[in-house]
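Quick notes on the structure that follows.
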């Protein structure tokens, strides 16, 4: 993990400040990506838990596990189907 | 500020506004797709299988179109009610 404290202690020449700013931007971008990934997992979890989990039992059986895998893939297919169709409608000036 | 600086700053501001409007449109479109997906996933998807069969796909397309029709129907009727001073 980058050591932020020491690099902000002393004011320095502008080229190293730019390098620090660029590094900070890069680190922020990485954190944003991680947060986006987590949010996406959480969304899939909500959707697929409702679809695939009936009464929770004492273990995650293979039928439920298969359903969960299918669920994520079919949800993405569904999103693409709707995106494509809605895009067509918008382009045709949907009424 | 000379006129050249003034004009080029205005042009930049206008371009920035245009870019913001484009991003807002994209975000609105995405939000709308997300909403439709939530609604139509619940209506059309029973237990997810290993592929998206044509019956489900047909259901999704119908769902999208009927949801928009439904929204229009309700919008029109409710507009009438409000305009007539609904009680």
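The values are calculated or read from the model by the stated rules, or taken from the named source; none is laboratory data. Treat the numbers as computed from the prediction; the structure is a model and nothing was measured. With ideal geometry, Cβ positions are generated from the backbone for all residues, glycine too; neighbour counts draw on all protein chains shown.
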Looking at B:65, B:12, which is the one that is more than 14 Å from every other protein chain (Cβ to nearest Cβ) and in a helix (DSSP H, G or I)?
B:12
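For the structure I just gave you, tell me whether residue B:50 is over 25 Å from the mean Cα position of the chain (by Cα), under 30 Å from residue A:69 (Cβ atoms) and either at pLDDT below 95 or loosely packed, with under 11 Cβ neighbours inside 10 Å (or both). Reasoning before the result, please.
On the way: over 25 Å from the mean Cα position of the chain (by Cα): yes; under 30 Å from residue A:69 (Cβ atoms): yes; either at pLDDT below 95 or loosely packed, with under 11 Cβ neighbours inside 10 Å (or both): yes.
Spelling it out, residue B:50 is indeed over 25 Å from the mean Cα position of the chain (by Cα), under 30 Å from residue A:69 (Cβ atoms) and either at pLDDT below 95 or loosely packed, with under 11 Cβ neighbours inside 10 Å (or both).
Take residue B:61 and tell me if it is modelled with pLDDT of 95 or more and exposed (fewer than 11 other Cβ atoms within 10 Å of the Cβ). Talk me through it step by step, then tell me what you get.
On the way: modelled with pLDDT of 95 or more: yes; exposed (fewer than 11 other Cβ atoms within 10 Å of the Cβ): no.
In short, no.
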Over 18 Å from the mean Cα position of the chain (by Cα), assigned to a helix (DSSP H, G or I) and within 14 Å of another protein chain (Cβ to nearest Cβ) - does that describe any residue in the stretch A:31-43?
no
Every residue in the stretch A:76-85 that is at the interface with chain B (Cβ under 7 Å from one of its Cβ atoms) and within 18 Å of residue B:67 (Cβ to Cβ), please.
A:78, A:79, A:81, A:82, A:83, A:85
